[in-house]
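Trainee: My structure is below; once you've seen it, I'll send some questions.
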Amino acid sequence: MLTMQLRSAHHGAKRSRARNVRHRWLVTVGLIVGFSAPAPPAAICAERSPSSPPYDHRTTDATAPSAASFLCGVTAKDVAEFPPEFSSGSEPTAVIIARFQGQWMVPMAERKVRKVMRQVNDWYEEVSHGQTRFDYDLYSGVTVPFPFSCKFDADDAVIEAADPLIDYTQYDRLMLFFPGPFIGVECAFGGYSSVGKRTIRTEDGTIRASVSVMNTAGLPFSPIATRSTIHEFGHALGLYHANGWDCGDDPLEGPCRSIEYGNAFDIMGEPGGLVPPALALPHFSPGFKVQLGWLPEDAVIDVEPPGGRYMLAPLEPPAHEVDPPQALRIARGEEGEAFYVEFRQPIGVDQRIRSPKRTYSGVLINLISSGAKPSQLINARPERGHFGKAAWIIGQSLEDSRWGIRITPIALHDQGIEVEVEFGP
Ligand SMILES: [Zn+2]
């Protein structure tokens, strides 16, 4: 029961509202959470409804030809019009602890929020190798002078209520912690975020900043709060979800669909399983690290015909500590779609991971589209019906008959895993 509550806590769905891009929310047990359309400055990723079972949702057109069309509920066209913006280095962040008038739930204690932010920054420090951190000021005691309602954007109400306290021109990131509905209410949510920055009108002028929200009513324990906050900051930096690519019994071909959060090996997905993997805080996959500018050029090799054998170093250490590459990128046609091959080891935060024995002795393969999109984990064991054993182990080949690509891990060595890439007709 407790586990169910924790699981629910992270995943709520925010009803799509005026600023969203043609945002269609999911649905479980046949209930459409929301649908709206007006033009917007940024996409928003919300965590799904508490009633959703793990992995099972947001299915898409089963005959869609590629992974490119599925964007956290946003169409590719919408995102092309409103590209997310990224930055790295110091991210000036305003952390706001708030409540709505008349709420019986107390806001999260300042000390707890600081602890969460410390853990979040520790994670980003480790995973980005010091390239991204959220330098923040904390503003607490903010009360929105009216009760919470599903009829307006709670984040805008909090930003406005905190305006007298804050010079918003000083910040690129806003992270709001306040208690909201997380179960049994139409607009229940666990957390949500803009993807990249959006335009915000404040008393200090119009600014561009990402806006992320944590529903602290659903975050009784800090491991969940930390995981969710890291995840929402990932959206703030421009990342979509780490999804799984489900084609029935075939890893790649056939009627396929994108399973939101399906990648348990990326914090932009969902850890799956029970504690301790459920509390795992795994690295971003290499496609996302490239998007964030965290992987240097020479850490990623573009494999072209005729292919060959490559020694792939673990993804976790800084590039200068290993012999590159830390990722193989294999283009799939001319449209910017590519496989990313990566090798995980029990280093730092990746010591806690789903199916460790299999994962540490094989490679993970994601399909990535050009631009900011969700990643699609290719499943080595699709017949299992989940992505927990997605790693490709020694001797197992991913065959892409459409583009004539074959990827096979062939041997484990001290310094990494040897992977063969072949191109055929
Ligand atoms: Zn998310």
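The values are calculated or read from the model by the stated rules, or taken from the named source; none is laboratory data. If you're wondering where the values come from, they're calculated on a predicted model, not measured in any experiment. All Cβ positions, even for glycine, are placed from backbone atoms using ideal geometry, and neighbour counts span all protein chains on display.
Trainee: All but one of (1) at pLDDT 90 or above; (2) in contact with a Gly (Cβ under 9 Å, 6 or more places away or on another chain); (3) crowded, with 24+ Cβ neighbours inside 10 Å hold for Gly218; state the number of the condition that does not hold.
Mentor: Gly218 satisfies all of (1) at pLDDT 90 or above; (2) in contact with a Gly (Cβ under 9 Å, 6 or more places away or on another chain); (3) crowded, with 24+ Cβ neighbours inside 10 Å except (1).
Trainee: I need the full set of residues from segment 333-371 which are of a type outside the set (S, T, N, Q), touching an Asp or Glu at 6+ places or on another chain (Cβ under 7 Å) and not in a strand (DSSP E or B), in order please.
Mentor: Arg344, Ile347, Gly348, Val349, Asp350
Trainee: With the requirement that a residue be polar (S, T, N, Q) and modelled with pLDDT of 95 or more, what does segment 134-193 give you?
Mentor: Those that are polar (S, T, N, Q) and modelled with pLDDT of 95 or more: Ser140, Thr143, Thr169, Gln170.
Trainee: Going through segment 292-320 one residue at a time, which ones are more than 24 Å from Arg352 (Cβ to Cβ) and modelled with pLDDT under 95?
Mentor: Selection gives Gly293, Pro296, Glu297, Asp298, His320.
Trainee: Would you check which residues across segment 353-395 are at pLDDT below 95 and aromatic (Phe, Trp, Tyr) and list them?
Mentor: Residue satisfying the conditions is Phe387 alone.
Trainee: Right, next: Kindly indicate whether Met214 is aliphatic (A, V, I, L, M) and under 16 Å from Glu91 (Cβ atoms).
Mentor: no
Trainee: Can you give me the ranges of the strands (runs of 3 or more DSSP E) entirely in segment 215-326 with at least 1 residues that are within 16 Å of the ligand (Cβ to nearest atom) and under 24 Å from Pro346 (Cβ atoms)?
Mentor: 242-246
Trainee: For segment 250-257, check the following and say yes or no: at least one residue is surrounded by 24 or more Cβ atoms within 10 Å (Cβ to Cβ) and either at positive phi or under 16 Å from the mean Cα position of the chain (by Cα) (or both).
Mentor: no
Trainee: In the set Ser369, Ser397, Ser401, which member is touching a helix residue (DSSP H, G or I) at 6+ places or on another chain (Cβ under 9 Å) and among the hydroxyl-bearing types (Ser, Thr, Tyr)?
Mentor: Ser369
Trainee: In addition: If we scan segment 175-190, do we find a residue that is more than 23 Å from Ser149 (Cα to Cα), within 15 Å of the ligand (Cβ to nearest atom), surrounded by 15 or more Cβ atoms within 10 Å (Cβ to Cβ) and in the same structural domain as Val127 (by TED's automatic domain parsing)?
Mentor: Checked segment 175-190: no residue is more than 23 Å from Ser149 (Cα to Cα), within 15 Å of the ligand (Cβ to nearest atom), surrounded by 15 or more Cβ atoms within 10 Å (Cβ to Cβ) and in the same structural domain as Val127 (by TED's automatic domain parsing).
Trainee: Pick from segment 101-122 the residues that are touching a residue at least 40 places away in the same chain (Cβ under 8 Å) and within 18 Å of His283 (Cα to Cα): which of them is nearest to the chain's Cα centre (by Cα)?
Mentor: Val120
Trainee: Shifting gears a bit: With surrounded by fewer than 23 Cβ atoms within 10 Å (Cβ to Cβ) and at pLDDT 95 or above as the only criterion, which of Asp323, Asp350 stands out?
Mentor: Asp350 is the lone residue from the list that is surrounded by fewer than 23 Cβ atoms within 10 Å (Cβ to Cβ) and at pLDDT 95 or above.
Trainee: While we're here: Since Ile207 meets every condition but one in (1) touching a Lys or Arg at 6+ places or on another chain (Cβ under 9 Å); (2) of a type in the set (A, V, I, L, M, F, W, C); (3) under 16 Å from Asp350 (Cβ atoms), which condition does it not meet?
Mentor: Evaluating Ile207 over (1) touching a Lys or Arg at 6+ places or on another chain (Cβ under 9 Å); (2) of a type in the set (A, V, I, L, M, F, W, C); (3) under 16 Å from Asp350 (Cβ atoms) leaves (3) as the failure.
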